[in-house]
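Coordinate-derived values only; no laboratory data. Note that the structure is a prediction, hence the values are computed from the model and not measured. When we count neighbours, we look across all protein chains shown, and the Cβ atoms used for this are built from the backbone with ideal geometry, even at glycine.
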Amino acid sequence: MSGRRLREVPLLLLVLISIDGAFCRNMSPWLGTDSKWPQVKKNFTKREVMCPQNQHPVGNICCQLCPPGTKKVSDCQVAGGHPQCTGCIPGKDYTDQPHYHNKCLRCGLCDKEHGLEIRENCTTIRDVICGCAKNFFCSTPVCKLCYPCTQCAHGVLEECTEGRDAICQAQENKSFYLLLLIPILAIVFGIIWYWRRKHQKDIDNLKPEYKEDIPLTYADIDLSKYIPQIAERMELDQVKRFVREMRISEVIIDRVKHDYVNDTDEQKIQLLKHWYQKQGKKGAYRELLQGLKNIGLRGVGEKLQEVINAHSENHPENGNSSLPHS
């Protein structure tokens, strides 16, 4: 009898568990067929660690931030701990607020070509502070570009300052005299134009002929190995004028200047490389000489022409030693 009762105990427990499970399924708003618990649980597991202010989540813990003037080297190992930080390089980069980045911000430049000059040097905790140079002004709170002060031809009412252009005196009304001068000036300029046009032909006939047909003969020379020699024979401002003539964007010119700020020779080489990559080998030689001519550097083009043509491998192909002069 006692053995039978022992066998009935597990059966009774199973029945009670089944009833309890059914009861729970009918009563709980979370575990029924329409329960949102699985979705809530899913969202909970995906939720990121919420860190206090001035701390950064790293995995399942929060780390302190690196102070200004430093960058992160490695994460902290315990919750609320400090990461390993190292200082930025003075005069090269900086960070001006607490952060959790592994790089410092690069110091800015005060571009003289944009009328700027250094007021305060870049430190590890602050970027360089620029201001307008003498005879330049800027009308915005943060100056990225300064403009030349207006030169007043008829007197100055208020001098040019760093934050405002000069105010000039108004020109006297001389419309009557201008109306009288216009036809006279037109006649004078007409005579000068006619004289220059007539005598320019005589001057051109006296000049020695330039072999401008050579770029057609050597249209596909590989100029990549001559770029250092080309750069050596040009000043930086001449290279900039040339690449602008070749429609190289100001963004690329500024980036090259920023990347090689203290190396003008490398700036020239990199700018010429950008032009050659954009132009390609085909017709590059002709474009080089024509571009130099267009910006008034014909003499530089002739020197480069002599250097490049001196190499035997640049002789014309198919036995054509020259092209007829026009």
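Observations
- Length released on extending from Glu302 to Asp254, taking residue separation times 0.36 nm less the Cα-Cα span: 14.4 nm
- Pair Arg233, Gln169: separation of 7 Å Cα→Cβ label points (nm): 5.3
- A straight chain from Trp193 to Ile118 at 0.36 nm per residue would run longer than the Cα-Cα distance by 22.3 nm.
- Taking other residues whose beta carbon is less than 12 angstrom from the beta carbon of Gln84, and scoring Lys, Arg as +1 and Asp, Glu as -1, yields +1.
- Here's the picture: a label point sits 7 Å out from the Cα of Glu159 along the beta-carbon direction, and within the range 111-134 the residues with their amide nitrogen under 20 Å of it are 116-117, 131-134.
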